[in-house]
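One structure is given here, and the rest of the page talks about it.
The values are calculated or read from the model by the stated rules, or taken from the named source; none is laboratory data. Only a predicted model underlies this, so the values are computations on that prediction, with no experimental measurement involved. Don't worry about glycine lacking a Cβ; one is built from the backbone with ideal geometry, like all the others, and counts go over all protein chains shown.
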Amino acid sequence: MPSERITVAVSPSVPPYVFSHDDSGLQLQILKSAFKNQGITNLDIVYMSNKRAGQSLEKKNVDIAMNYAGVTGSTIYSSKSLLAYQNVAVSLKKNNFKINSVYDLSGKSVVAFQHATEFLPAPFKSLTTKLRSYEEVVYQAAQVDHLMKEWVDVVVLEKRVFLYYLQQYKKTHPIQAITIHPIFPAAPRPAYFSSKVLQEIFDMGLTHIIESGEYSKIMAFDGSDYAQVTAPNSIK
């Protein structure tokens, strides 16, 4: 078992997957639980951009990166998927939009998360030219605000992220009924390791917590559950 401290590079807060103020959230809880199952608790969580995390992993300045866009294989080892991100389109129920594929967004006003055209499957990027309007925002709380105020027809973001910010918004604003359109494929989220041995230890722990039911208990929390125990963010 590793005796030295294990450094984990993580993107700054992505509620409900990562909360930097107390090193919690779904992804970090799964990571910690899988390692704890294998008797490992000596984790140091450090926050940095995805780009810096990838560079640090390649230089072996960190042991694990939760996000990595480079090539795995010879020196970088990918674990089993901790969970899957599910990007979705969300509209107001009263509009009764029939959105069964990305092509059904045509002619609508859409606000997506930052760099959505790079992360989502190719048809989405080409479709943005056929939208009535298209914008990407850094602060995802603003997507909920824009939708509820009917400033936009559709928002595109990860499902649990939306539920988290919707619950936050609900604390201080009236909300309208929504429809979630799962028009994008689920995106598995592994962790990336600079050590094959450490990756195998983690995968073993992950398998064990899945089999024991501990994993299901962690994943039972969706975005709205986390939001109910977290202080509201300000809506810009």
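Would you mind finding the one in 110, 152 that is more than 22 Å from the chain's Cα centre (by Cα) and either outside any helix (DSSP H, G or I) or of a type outside the set (Lys, Arg) (or both)?
Testing whether each residue is more than 22 Å from the chain's Cα centre (by Cα) and either outside any helix (DSSP H, G or I) or of a type outside the set (Lys, Arg) (or both) leaves just 152.
Any residue that is assigned by TED's automatic domain parsing to the domain that holds residue 206, touching a helix residue (DSSP H, G or I) at 6+ places or on another chain (Cβ under 7 Å), of a type in the set (A, V, I, L, M, F, W, C) and on the phi < 0 side of the Ramachandran plot - is there at least one of those in the stretch 52-64?
yes
Can you report the number of residues in the stretch 84-107 which are touching a helix residue (DSSP H, G or I) at 6+ places or on another chain (Cβ under 7 Å) and either buried (at least 16 other Cβ atoms within 10 Å of the Cβ) or of a type in the set (S, T, N, Q) (or both)?
Final tally of qualifying residues: 9.
Restricting to the stretch 64-83, and then to whatever is surrounded by 13 or more Cβ atoms within 10 Å (Cβ to Cβ) and over 30 Å from residue 162 (Cβ atoms), can you tell me which residue is modelled with the lowest pLDDT?
Across the stretch 64-83, the extreme among qualifying residues is 75.
Just one of the numbered conditions (1) modelled with pLDDT under 95; (2) crowded, with 17+ Cβ neighbours inside 10 Å; (3) aromatic (Phe, Trp, Tyr) is not true of residue 165; which one?
Failing condition for residue 165: (1).
Looking only at residues that are among the hydroxyl-bearing types (Ser, Thr, Tyr) and out of contact with any Phe, Trp or Tyr (no Cβ under 7 Å at 6 or more places or on another chain) in the stretch 108-153, which one is surrounded by the most Cβ atoms within 10 Å (Cβ to Cβ)?
Ranking the qualifying residues of the stretch 108-153, first place goes to 134.
Could you grab the pairs with beta carbons closer than 6 Å, sequence gap of 6+ or different chains, first residue in the stretch 15-33 and at negative phi and outside any strand (DSSP E or B), second one buried (at least 18 other Cβ atoms within 10 Å of the Cβ) and of a type in the set (Gly, Ala, Ser)?
Sorted first by the residue in the stretch 15-33, then by its partner, the pairs are 16/25; 16/223; 17/25.
Pairs only if they're at least six apart or on different chains, beta carbon under 9 angstrom, first in the stretch 41-63 and within 19 Å of residue 29 (Cα to Cα) and surrounded by fewer than 16 Cβ atoms within 10 Å (Cβ to Cβ), second among the hydroxyl-bearing types (Ser, Thr, Tyr) and at pLDDT below 95; list them, first residue then second.
Final answer for the pair search is 42/3; 47/11; 47/13; 47/20.
Can you find, within the stretch 156-214, the residue that is nearest to residue 118 (Cα to Cα) among those that are part of a loop (DSSP other than H, G, I, E, B) and polar (S, T, N, Q)?
Here the answer is 194.
Which condition does residue 218 not pass, out of (1) assigned to a loop (DSSP other than H, G, I, E, B); (2) under 16 Å from residue 16 (Cα atoms), if it passes all the others?
Of (1) assigned to a loop (DSSP other than H, G, I, E, B); (2) under 16 Å from residue 16 (Cα atoms), only one is false for residue 218: (1).
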